[in-house]
Amino acid sequence: MNHYCTYFDRGFLIQGLALARSLAVHDPGAVLWVLALDESAADVLRKMGSGIRVVALDALEADDPELIAAKANRSRVEYFFTLSPCWPRWLLRTHPEIGRITYVDADTFFFSSPAAIFEAMDRASASILITAHRFPEWLKHYEQHGVFNVGVESFRNDAMGTACLDDWRRRCLEWCHDRLEEGRYADQKYLDAWPLQWGAALLVLDDPGVNLAPWNWRRHRLDVSREGVVTADGSRLVLFHFARFRPIWGDAWWQSGQLDYGVMPRRLRSAIYGPYWRALRSAREEIRSLHPDFDFPRRPARLGREFWRGLALRAFWGSDWLRVGDGFWAGRLGLGRWSGQSLARLRRIFLRR
């Protein structure tokens, strides 16, 4: 039995439930441990049936006074970053029956069996598994925020796996802020040192189908079969990271989060974002069976000055999408795929970055 963990609050409840349901399809019998960051999320999740085990945030905090102390000197989002090592560490310490815990972000989604992840880890006899951002060349400057992405990680309940979590937790409790400072950034930049620090105990998974994301899809050759199966450089898509994908207005106008990276053409959007939308819609209906008025949260801050400042660029490149049925339309006939390269060149010219 494979054990996974994630964390989220009410604002990501729909995405988190969609993730859970995708896991139930592609890894039947797996357990997903959810750290509920507010009581509203905990209440709904406790009614969602088998496969999901819910732990309230105060239960974790009660066992970790140092975590509570850190809470006082950082923002809400920075505190959530701080939870990244504390949550899987707590699970391995309090549930010794868990032989390996795999963390996944709440905005990820399984498209096929994750068996390849664990087979690679077993072949390498690794205690720790992470994935690189895999930025294309024109986005390498983003590596200042971290070479590796924390969206997918796995830790064995052995000496090296627990030592890694202990060390990462210690560092995050000391400093975990949403800014670049002295080679540090949030919970993520610490991972840059792991290949040297943990040596053969660490596997950097080199599978383009795992943690495929808006920031790296342009680096890979993506194909869609007649049956709708997506492959990346010949490897089947296992897990996609839907970072920054948010509704702007109701559920008809969406922010793709792809402007800075390259906007997917429609055929790929249909094969990747179409199934995800159907899963989100199904998750919302499941929650509405308990809370009839539940919906994606309204995010007024997203309609502030920064939103309108970038609207012209998003309109030109088609990175805001109109949902029609199960499809998302940009109206740019594939032009948007060049947005990331074009904006990177403009920044180098005008900002010398």
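Just so you know, all these numbers are worked out from the coordinates, no wet-lab data involved. Predicted model, so just to flag it, every value in this text is computed and none were measured. All Cβ positions, even for glycine, are placed from backbone atoms using ideal geometry, and neighbour counts span all protein chains on display.
Quick notes
- Prolate/oblate/rounded call for the stretch 44-110, Cα gyration tensor, a/c under 1.5 rounded: prolate
- Packing around the peptides 101-110, 337-346, taken as the average count of other Cβ atoms within 10 Å per residue, puts them in this order, highest first: 101-110, 337-346.
- Here K140 is the anchor, and the aspartates and glutamates within straight C-alpha reach of less than 16 Å, apart from those fewer than 8 places off in the same chain, are D192, D260.
- Tensor-based shape of the stretch 246-351 (alpha-carbon gyration tensor, a/c under 1.5 rounded, otherwise prolate or oblate): oblate
- Of all DSSP beta bridges in the stretch 3-224, antiparallel share, percent nearest 5: 40
- Under the Karplus curve 6.51 cos²θ - 1.76 cosθ + 1.60, θ = phi - 60°, whole-Hz ³J(HN,Hα) for the stretch 44-53, x wherever Gly or Pro sits: 5, 5, 5, 9, 8, x, 5, x, 10, 10
- Stretched out straight at 0.36 nm per residue, the stretch from D58 to A193 would grow longer than its current Cα-Cα span by 45.5 nm.
- Computed from label points 7 Å out along Cα-Cβ, the spacing between D326 and K47 is 2.8 nm.
- Computed packing ranks the peptides 272-281, 211-220 as 211-220, 272-281, most packed first, by mean other Cβ atoms within 10 Å.
- Mean Cβ neighbour count within 10 Å, used as a protection proxy, ranking 242-255, 164-177 highest first: 164-177, 242-255
- Cβ screening of the chain for cysteine pairs under 4.7 Å finds these without a partner: C5, C86, C164.
- Listed residues L333, P208, Y261: farthest to the positive end of the dipole of the chain (Cβ charges): L333
- Phi to ³J(HN,Hα) by Karplus 6.51 cos²θ - 1.76 cosθ + 1.60 over the stretch 174-180, Hz, x for Gly, Pro: 6, 7, 7, 10, 7, 7, 7
- Inter-site label distance for F118 and A163 at 7 Å from Cα along Cβ, in nm: 2.5
- Cα shape, the stretch 3-224, gyration tensor, a/c 1.5 rule: rounded
- Between the stretch 145-169 and the stretch 66-137, the alpha-carbon center distance in angstrom: 7
- Under the convention that each Lys and Arg Cβ holds +1 and each Asp and Glu Cβ holds -1, the size of the dipole of the chain around its Cα centre is about 1720 debye.
- Counting only DSSP H runs of at least 4 residues, each contributing -39500 (n - 2.57), and dividing by the residue count of the chain, the helix-based mean residue ellipticity at 222 nm comes to -11000 deg cm²/dmol.
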